[in-house]
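The values are calculated or read from the model by the stated rules, or taken from the named source; none is laboratory data. Just so you know, these numbers come straight off a predicted model, no measurement behind them. Cβ: placed from backbone, ideal geometry, glycine included. Neighbour counts: every protein chain shown. Areas reflect the complete protein model, heavy atoms only, side chains present, ligands, DNA and RNA absent. Shrake-Rupley method; radii C 1.70, N 1.55, O 1.52, S 1.80 Å.
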Amino acid sequence: MEADGKGNTRMRMARGGLATWALAAMALAFASPATASGDDDARGSLRFGGDAGYPPYHFLDSRGHADGFDVELARAVADDLGLEPVFELGDWSAALERLARDEVDIVPMFWSAERERRFPMSDPILLRHHALFGHFETPTLESLEGLANARVAVQRSGLAWEAMHELDRAGVTLVELDNEGETLAAVARGDADYALAPTGIGYHAIQRDDLHGLVALSPPLLERKYVFAVAPERPELVPEINGALERLRRDGVQNRLYVEWIGSPMAPGTGDPAGTAHPSRLAAVAAAGFLLLAALALLAWRHRRARHAAAPSAPAGATPADAPLLAELREAIARHELGFALQPKVDLRSGRWLGAEMLVRWEHPRLGALEPDDFVPLAEQANAIGEMTLYLVRQGLEQCRNWPDTGDPLHVSINVSANDLADPHLVDAIIEASRGSVPGLMLEITETEVMREPGRVAEALPRLRAHGIRISVDDFGAGHSSLVNLRRLAPDELKIDRSFVRALPDSHSDGAIVRASIRLGHELGASVAAEGVEDEAIRRWLVEAGCDAGQGFGIARPMPAAEFVELLRRQG
Ligand code: C2E
Ligand code: CA
Ligand code: CA
């Protein structure tokens, strides 16, 4: 499973700012005179302070808007109390002081005895943990007591920092940083031996910043309640906030936000699943027995599919066991709950972004983040693929209209199936949706799919092409298409399957296949893209072999749309 490459996102694009927080944090001055207001103009408002870069809890997105679990919960609390929420996110090390000075009303934070002496606190909004992170060769530790002569990176004035100060730290050097995510980067650079960071934040940083080789080296430590701390001069807010939290819990709002942001169906207050494990079907099953049935149905379906994969056949009807999942998928499409990640595609020679491929994502309310392989074939079997494709084309092109002009002709690539192209109404709808769209649209169809319906696919192509829509043959090399067919298709792009790319430059046979594919693509007048470019050695090999474009974890992982916009902006 490639869980770390998923770039999970949902149509709620506000959530897309996860990795742009650093930029946003730099761009935003913390205490501008306008926001550091006195009591008078604050009447009727609930002023929320905190870190500008603390996803998924609270952060500023790429447009500088506050978002995250804590932010939405605070919004709901303010709404319940009839107050206007005001968000003043910035430098974490200043947040506690601002709260102490009554410049903000609430700041979400870990509970600690020291903090409780300084601030009135709400009931817990979550239970969370820390862990020690480090290189996988570094010794594992059962507790903080075992740290000796080590350099430990912590966020200044964070809970880890407080815990380390309470400890007898003979020989331990503290490396103090402004942001918890940075503590892991410090270990990766060799500036510290361990990072003591919240588990969710730690895994998030490893995934987002590609800090491969870093792992959790301790069990979950420092179990703490996560609360809203309140300005000392406003203790009367505590019972009001608690009342609102109780109502939000009862109405399921708190749970919904939890599932949405932290990604697991566990009840709030029962753990930090984003920390103890990646949100996954397994975590979901462990958390709630009643989900087992659904998960088993999914597994059974996967096995069935694996058995039939060797001999692709005409789509059959979905089986009864798939019916609930299929119904939910249809509902998710109708309610615009399906999301997508964008994986950038680069010009291998110039290094400039050419566009991105849209990869569908489904954050299932109970089963967690499902992979495309878990539901795309199901949609295909049940003839729901057209609905999904059209939805993604519309949503994708809508998003891409916001892409900044980089001076390059950009395109968005969308995966389609043979069934899609065999449906003339759907082809019409795709053409209609792409009319006047900037950037261009490229449809990716796998070589296997082309071979399944060569006649019908070939029929659709001239119509698409006449409207400027380009065609890429995906997973090229894995599907035995005949030269006759390829010539008939006249694709604009051949996309070499990642199974041939990954073992480069060492595998002689894969190298020969890739070289031959590049030559063939060029002879057909197509540009050639390689997927699965996982490192620099592969990229260099491909440049030398004359490959035009590349895509892969070594270049960029699938990411939220807003993050891709940031990449383009920097290129612009
Ligand atoms: P694909 O079209 O070959 O898409 C690329 C897949 O490779 C993505 O997985 C991507 O995360 C993964 N990938 C990208 N770079 C690397 C790399 O360097 N190494 C490795 N090992 N993997 C890499 P994802 O998102 O799980 O998609 C899986 C497949 O599901 C796609 O394969 C595509 O066939 C299908 N799919 C995804 N989105 C859609 C969609 O919107 N519609 C349809 N019909 N199919 C989709
Ligand atoms: Ca593809
Ligand atoms: Ca592919």
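Structure summary
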read-out	value
Hits in region 176-208 (condition: surrounded by 20 or more Cβ atoms within 10 Å (Cβ to Cβ), aliphatic (A, V, I, L, M) and touching a helix residue (DSSP H, G or I) at 6+ places or on another chain (Cβ under 8 Å))	Leu177, Leu184, Ala192, Ala195, Leu196, Ala197, Ile201, Ala205, Ile206
Qualifying positions in region 467-480 - open to solvent by 80 Å² or more (accessible area, probe 1.4 Å) and away from ligand 2 (no atom under 14 Å from the Cβ)	His467, His480
Residue in region 443-457 that is in contact with a strand residue (DSSP E or B) (Cβ under 8 Å, 6 or more places away or on another chain) and away from ligand 3 (no atom under 16 Å from the Cβ) present	yes
Qualifying residues in region 356-383 (those that are of a type in the set (A, V, I, L, M) and closer than 24 Å to Leu441 by Cα) - the one farthest from ligand 1 (Cβ to nearest atom)	Ala356
Filtered residue count, region 506-552, keeping only those that are open to solvent by 50 Å² or more (accessible area, probe 1.4 Å) and touching a residue at least 60 places away in the same chain (Cβ under 8 Å)	1
Filter pass, Arg463 being away from ligand 2 (no atom under 14 Å from the Cβ) and either open to solvent by less than 40 Å² (accessible area, probe 1.4 Å) or not small (Gly, Ala, Ser) (or both)	yes
Arg540 among the basic types (Lys, Arg), more than 12 Å from ligand 1 (Cβ to nearest atom) and farther than 20 Å from Gly351 by Cα	no
Check on Gly550, within 12 Å of ligand 1 (Cβ to nearest atom) and at pLDDT 95 or above	yes
Residue list for region 440-450, filter: closer than 15 Å to Asn402 by Cα and open to solvent by less than 10 Å² (accessible area, probe 1.4 Å)	Leu441
One residue from Ser472, Ser417, Ser413 being within 30 Å of Pro324 (Cβ to Cβ) and within 16 Å of ligand 3 (Cβ to nearest atom)	Ser417
Spans of helices (runs of 4 or more DSSP H) in region 55-160 with at least 3 residues open to solvent by less than 40 Å² (accessible area, probe 1.4 Å), within 26 Å of Glu260 (Cα to Cα) and at pLDDT 95 or above	69-81
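Every residue, every condition in (1) within 15 Å of Asp420 (Cα to Cα); (2) in contact with a Lys or Arg (Cβ under 8 Å, 6 or more places away or on another chain); (3) in a helix (DSSP H, G or I), yes or no:
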site	(1), (2), (3)
Ile445	yes, no, no
Val450	yes, no, yes
Lys495	no, no, no
Ile513	no, no, yes
Ala516	no, no, yes
Leu520	no, no, yes
Gly525	no, no, no
